[in-house]
Amino acid sequence: MRQLGIEIGPQPECRPAVNMETLESNVPGVYLAGVVVAGNRTGEIFIENGRFHGGQIAADIKKKLGGSARKILVITEGLLVYLTGDEVSALGRDLAAQTSFRDWAIDLCSPGLLKMLQKNLGALSEAGSPLKFGPEEGPGFFIPSGWKAAEVYSMLKTAARIKRLPFFLRLMSLLPESNGRQGSRPWGAVCRLTRM
């Protein structure tokens with residue numbers, strides 16, 4: 001967040017500078033949602049109150065644009081993995097309810113990759129920010145919330161294409177790709193979802 005210019009409050013809370021009414025940060029046009037708005041006090045955001053964040057953000061953007069925008073792309077890179085499946089579904093429904101939100105860019109991991117990340121990044125859980133979301137259905141998870149996958153880019157395949165992988169992972173990148181259900185396979189992707 002600091003790299004985006006978002007101010008972070010002092011220890012121990014480390015709350016980002018955010019307008020709690022609109023969820024816009026101190027950087028105009030950059031909104032925060034979910035547990036991240038609470039800083040280190042992650043116990044303050046739950047499904048009951050965090051699921052309304054999408055609606056708050058949508059209302060502020062709509063107000064600022066005066067209803068003139070028709071093709072808004074929402075980007076939640078780095079957010080969904082910290083939410084529960086119910087929270088992600090609620091966010092998806094809130095975003096789909098906004099007719100001007102046409103596309104949604106997300107990053108997604110399989111249950112297999114989520115398990116690996118949880119094991120290797122245990123410090124996140126210890127700090128109160130556990131990784132939670134890695135749907136078995138892959139991008140199909142979002143269909144009941146009103147979104148379908150328009151584009152799916154495997155992180156492994158993309159990293160191989162731009163020559164950013166060590167030898168062993170380059171070999172793994174040669175395996176056939178699947179953009180559907182992933183199960184225990186370690187898989188991650190960036191997806192562009194489109195409203196149905």
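The values are calculated or read from the model by the stated rules, or taken from the named source; none is laboratory data. Model, not experiment: these values are computed from the prediction. Cβ atoms come from the backbone with ideal geometry, glycine included; neighbour counts cover every protein chain shown.
Taking the range 136-158 as the range and being assigned to a helix (DSSP H, G or I) and of a type in the set (Gly, Ala, Ser) as the test, the residues that pass are Gly138, Gly140, Ser145.
Suppose the filter is in contact (Cβ under 8 Å) with a residue 60 or more places away in the chain, part of a helix (DSSP H, G or I) and among the charged types (D, E, K, R); does Lys119 pass it? No. Confirm whether Ser129 is touching a Lys or Arg at 6+ places or on another chain (Cβ under 8 Å), surrounded by 14 or more Cβ atoms within 10 Å (Cβ to Cβ) and in contact (Cβ under 8 Å) with a residue 24 or more places away in the chain. In short, no.
The single condition among (1) touching a helix residue (DSSP H, G or I) at 6+ places or on another chain (Cβ under 8 Å); (2) under 23 Å from Gly34 (Cβ atoms) that Arg170 does not satisfy is (2). Can you name the residue in the range 117-134 that is modelled with pLDDT under 95 and in contact with a strand residue (DSSP E or B) (Cβ under 9 Å, 6 or more places away or on another chain) and is also nearest to Arg185 (Cα to Cα) among such residues? Selected residue: Leu117. Only helices (runs of 4 or more DSSP H) whose full extent lies in the range 1-113 are considered here, and the ones with at least 3 residues that are within 19 Å of Arg195 (Cα to Cα) are 53-65, 85-96. Of all residue pairs spaced 6 or more apart or on separate chains, those with beta-carbon atoms under 7 Å, a first member in the range 17-44 that is closer than 14 Å to Ile6 by Cα and a second member that is acidic (Asp, Glu) and assigned to a loop (DSSP other than H, G, I, E, B) are Ala17/Glu7; Asn26/Glu7; Gly39/Glu13. Filtered by the rule that a residue be of a type in the set (A, V, I, L, M, F, W, C), within 30 Å of Arg70 (Cα to Cα) and outside any loop (DSSP other than H, G, I, E, B), the range 159-196 gives Ala189, Val190, Cys191, Leu193.
Among residues of the range 95-112 that are touching a residue at least 40 places away in the same chain (Cβ under 8 Å), those with a beta-carbon under 6 Å from a residue that is surrounded by fewer than 16 Cβ atoms within 10 Å (Cβ to Cβ) and of a type in the set (D, E, K, R) at least six positions away or on a different chain give the pairs Arg102/Lys71; Asp107/Glu77; Ser110/Arg185; Pro111/Glu136; Gly112/Arg185.
Just one of the listed residues (Asp103, Asp94) is surrounded by 16 or more Cβ atoms within 10 Å (Cβ to Cβ) and either among the hydroxyl-bearing types (Ser, Thr, Tyr) or touching a strand residue (DSSP E or B) at 6+ places or on another chain (Cβ under 9 Å) (or both), and it is Asp103.
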